[in-house]
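Since every read-out is calculated from the coordinates, none of them should be taken as a lab result. This is a predicted model, so every value here is computed, not measured. Backbone-built Cβ (ideal geometry, glycine too); neighbour counts: all protein chains shown.
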Amino acid sequence: YTLTEKGRAAFKVAVEAWMDVTRCLVDAEKMILDDRAATPCCE
């Protein structure tokens, strides 16, 4: 089994896309937590 340059390039693109998704999920979690902290609960 050998990874070609084309395969490496495709893997790099996939990892970059995955990291973008991860950043979006982390940012969304922060927004949700900030929103919960700003909104009083159970009033």
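Compute the acute angle (0 to 90°) between the alpha-carbon long axis of helix 5-38 and the principal axis of greatest extent of the alpha-carbon atoms of the chain; round to the nearest 10°. The answer is roughly 0 degrees. Using R₀ = 35 Å, calculate the FRET efficiency as 1/(1 + (r/R₀)^6) where r is the Cβ-Cβ separation of Cys24 and Thr4; round to 0.05. About 0.70, to the nearest 0.05.
Considering helices alone, the calculated mean residue ellipticity of the chain at 222 nm is -29000 deg cm²/dmol, with DSSP H runs of length four and up weighted by -39500 (n - 2.57) and normalised per residue.
Ratio of Rg to Rh for the chain: 1.43 [Cα atoms; Kirkwood radius as inverse mean 1/r over pairs].
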